[in-house]
Amino acid sequence: MKMTVMDGFIVSEAFFTLLIMALGGAFHGLLGLGFPMIATPLLSLMGTVQSAVLTTLIPTLSVNGASIISIQNPWPILRRFWPLGIMIVLGSSAGTHLLMAYESDIYKLILAIMILFYLNQKSLKISIGSILANFPLLTMLFFGLLSGLVSGLVNVMIPILIIYVLELGLKKVDSIVLMNFCFFSSKLTQVATFGWMGLFSLTLFGWALFYASVAVGSLMLGKRFSSKIDAKMFTLILRVSLWIMAAMLFVQYFS
């Protein structure tokens, strides 16, 4: 007889969840970002988006925290963009409440659209550099709120953040610090919100800590190989994987 771990997931699926955590952690270590972008769509294919978000919260929080700590002197970029983190907290809280109040497979469609948006950002030729230059604080607050809202709903804010970071023209290390800081702020908010709602049982929390250890271990392994393996090849693998996941989410939603 199968024992339920959480809504949408069962013990027999724990092995596949571990593989997903390891894959997401390794990609995050190699590229400096990408854990929720990999883990959430794959987990949502086995259950609901809500279940996927709950499962990845603690692992994502752990991966983001470990990524920030592993970079020397991240404080200048954090001091510069702290208002972004505040707006992400507000947006994530609102998005999380919407997710809990209106559980729907429509979020899978939103997630697939977010992935496609990310994959096609260059062809869309979106440029908002002049707006950012003229209204730096206002645009920072807007992107923070929008990123947090999307993260609360579908656990993926990276497409919006990447547009913001690219338009700012930040260095690679600063971009990694900023995005992981944003992810960390969002996940911390969601953990607090779900905890306040009483959705974190001891069983769920125990599994989450176990998954987090796997994700962080894979992250560290990925970081060791990040300087030795062709980054372009892994970026290509990531993009192909995202295309496949987006297609599967579309098929699942419309079927």
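Rule-based calculations on the coordinates, nothing more; no lab input. The structure presented is a predicted model; accordingly, all values stated were derived computationally and were not measured. Note that each Cβ is placed from the backbone with ideal geometry, even for glycine, and that neighbours are counted across all protein chains shown.
Which distance in nm do the two modelled labels at M233 and S104 give, with both placed 7 Å along the Cα-to-Cβ direction?
4.4
Could you tell me the convex hull volume per residue, in Å³, taken over the Cα atoms of segment 8-62?
63
Let me have the relative contact order for the chain, percent, based on Cα pairs under 8 Å that are six or more residues apart.
37
Using the Cα atoms of segment 37-130, I'd like the radius of gyration and the largest Cα-Cα distance, Dmax, both in angstrom.
Values for segment 37-130 (Cα only, Rg and Dmax): 16.0, 43 Å.
Angle check, please: helix 231-254 long axis (alpha carbons) against the longest principal axis of the chain (alpha carbons), in degrees 0 to 90, nearest 10.
The helix 231-254 is inclined about 50 degrees to the chain.
So for M114, M157, fewest C-beta neighbours within 10 Å to most, what's the order?
The most exposed by this proxy come first: M114, M157.
State the Cα centre-to-centre distance between segment 134-156 and segment 179-208 in whole Å.
19
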